[in-house]
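In what follows, a structure is listed as structure tokens, so that the remarks can point back to it.
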Amino acid sequence: MKICIFGAGSIGGVMGGVLAKAGHDVSLIARGAHLEALRANGCRVETGGQVIMVNAQASDNPTDFGPQDIIIVAVKAPAMPSVAAGIAPLLGPETAVVPAMNGIPWWFFDGFPQNGPDISFPKLDPGGALSAAIATERVMGCVVHMGSMVPEPGVIRHIAGNRLILGEVVGGMTDRLTEFAAAFAGTNLSATVTDSLRQEIWLKLLGNFNFAPISSLTGATNGEIGADPGLRKLCADLFEEAAEAGRRIGLEPGMTADERTMMGASLGNFRTSMLQDFDKSRPPEIDAIVGAVVEIGRATGTPMPVSELVLTLVEQKARGMGLY
């Protein structure tokens, strides 16, 4: 398959590396020093105790690559408007777009819930640019359960986890879905398919929803949050509010607040991606990870006093830093 990685950073780099090694025609879109290193030396992917050297075409201009079979979009939510502006040259009649992102994606409330309130959160798709650029029928969702990093330009280090959960936004099982999952066979990533994509997104989000803003406001690692009784209770309160809002539109939490908090705390010294964004003065994914959940609460009439307060605080922190 012809596959373009739109955002060949930590997550996109690992996915691109293993797919290139599996024999697929992979191209990489990146920028800055990382792009310069990819062009000069190729992409070094460290995964599963081995090193994969990927000598793929790399550019910051999608017009260099032409229409693709698959486009994996691996940028953070605040960068999605730039994807909407640049993705057209990569789209052919049958091209599938696979966002591999944190939080609630822009398409989540398109036709969902079928029986429930009409939920709209324009901050996920400013001006409708994403919906206009990428038709919902093109989208296959990807829930990423792995951690990776870019220790230096041109180098991707796969740290933990290896699960990808793939599903059609419009539901059902399709040939393109099973074929794309099969592309990861024999690689260091394990791809499975689901007919309950939104539920899988929700299960992952419930961990980020509490740990991400708490870590960003306090500077605490996951382990430190789990070890502090006050922060641990705050995590549980946020989880319970979000879980109730989700239940009202048919999304189940999958575990208890204590179980989810223990899972997050078990990551020890891990610094959430939102905290890392604040550390590096990058726009954090507040809307996709926190704001969208609070909006579900508002639309369903679910009381979310703790979540509303935490959202206000993390938004103001970001505004004060010029990041939101």
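The values are calculated or read from the model by the stated rules, or taken from the named source; none is laboratory data. Bear in mind the structure is a predicted one, so any value in this text is a computation, not a measurement. Cβ placement follows ideal geometry from the backbone for every residue including glycine, while neighbour counts extend to all protein chains displayed.
Any idea how many residues of the stretch 182-208 are assigned to a helix (DSSP H, G or I), surrounded by fewer than 19 Cβ atoms within 10 Å (Cβ to Cβ) and either of a type in the set (D, E, K, R) or free of Cβ contacts under 8 Å to residues at least 24 places away in the same chain (or both)? Quick ask: steps written out before the conclusion?
Keep residues of the stretch 182-208 that are assigned to a helix (DSSP H, G or I), which gives 182, 197-208.
With surrounded by fewer than 19 Cβ atoms within 10 Å (Cβ to Cβ) added as a condition, the list becomes 182, 199, 204.
Those left that are additionally either of a type in the set (D, E, K, R) or free of Cβ contacts under 8 Å to residues at least 24 places away in the same chain (or both): 182, 204.
Summing the residues that are assigned to a helix (DSSP H, G or I), surrounded by fewer than 19 Cβ atoms within 10 Å (Cβ to Cβ) and either of a type in the set (D, E, K, R) or free of Cβ contacts under 8 Å to residues at least 24 places away in the same chain (or both) in the stretch 182-208 gives 2.
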Would it be correct to say that Arg163 is surrounded by fewer than 17 Cβ atoms within 10 Å (Cβ to Cβ) and either within 19 Å of the chain's Cα centre (by Cα) or more than 23 Å from His34 (Cβ to Cβ) (or both)? yes
Residue check, Glu179 outside any strand (DSSP E or B) and modelled with pLDDT of 95 or more: yes
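If you go through the stretch 263-298, how many residues are aliphatic (A, V, I, L, M) and modelled with pLDDT under 95?
The initial filter retains those residues of the stretch 263-298 that are aliphatic (A, V, I, L, M), namely 263, 265, 267, 274-275, 286, 288-290, 292-294, 296.
Filter once more, so that each one left must be modelled with pLDDT under 95: 263, 265, 267.
Total satisfying the criteria: 3.
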Could you list all residues from the stretch 86-104 that are over 23 Å from Asp175 (Cα atoms) and at pLDDT 95 or above? Gly86, Ile87, Ala88, Pro89, Gly103, Ile104
May I ask you to verify whether Leu38 is at pLDDT 95 or above, more than 19 Å from Val98 (Cα to Cα), aliphatic (A, V, I, L, M) and in contact with a Gly (Cβ under 7 Å, 6 or more places away or on another chain)? yes
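Within the stretch 58-167, which strands (runs of 3 or more DSSP E) (wholly inside it) include 3 or more residues that are under 20 Å from Gly207 (Cα atoms)?
Numbers: elements: 70-73, 96-99, 140-152.
Here the list reads 140-152.
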One residue is enough: does the stretch 120-130 have a residue meeting the conditions closer than 29 Å to Leu38 by Cβ and out of contact with any Pro (no Cβ under 7 Å at 6 or more places or on another chain)? yes
With criteria (1) within 27 Å of Ala135 (Cβ to Cβ); (2) buried (at least 17 other Cβ atoms within 10 Å of the Cβ); (3) of a type in the set (Ser, Thr, Tyr); (4) under 21 Å from the mean Cα position of the chain (by Cα), Ser82 comes up short on (2)
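Condition check: within 20 Å of Gly42 (Cα to Cα) and acidic (Asp, Glu). Does Glu152 satisfy that?
Working: within 20 Å of Gly42 (Cα to Cα): yes; acidic (Asp, Glu): yes.
Taking the combined requirement at face value, the residue satisfies it.
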Within the set of pairs 6 or more residues apart or between chains, which connect a residue that is in contact (Cβ under 8 Å) with a residue 40 or more places away in the chain and more than 24 Å from Ala79 (Cβ to Cβ) inside the stretch 112-125 to a residue that is in a helix (DSSP H, G or I) and acidic (Asp, Glu) with Cβ atoms less than 8 Å apart? none
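Rundown of residues vs (1) among the small types (Gly, Ala, Ser); (2) outside the structural domain of Ala181 (by TED's automatic domain parsing); (3) under 13 Å from the mean Cα position of the chain (by Cα); (4) at negative phi, yes/no style:
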residue	(1), (2), (3), (4)
Asn102	no, no, yes, yes
Trp106	no, no, yes, yes
Asp110	no, no, no, yes
Pro113	no, no, no, yes
Pro117	no, no, no, yes
Gly128	yes, no, no, no
Ile134	no, no, no, yes
Return a yes/no flag: does the stretch 101-109 have any residue that is buried (at least 19 other Cβ atoms within 10 Å of the Cβ) and more than 28 Å from Arg248 (Cα to Cα). no
Look at the stretch 209-228 and say how many of its residues are closer than 23 Å to Gln316 by Cα and surrounded by 19 or more Cβ atoms within 10 Å (Cβ to Cβ). 12
Filtered residue count, the stretch 44-55, keeping only those that are surrounded by 22 or more Cβ atoms within 10 Å (Cβ to Cβ) and modelled with pLDDT of 95 or more: 1
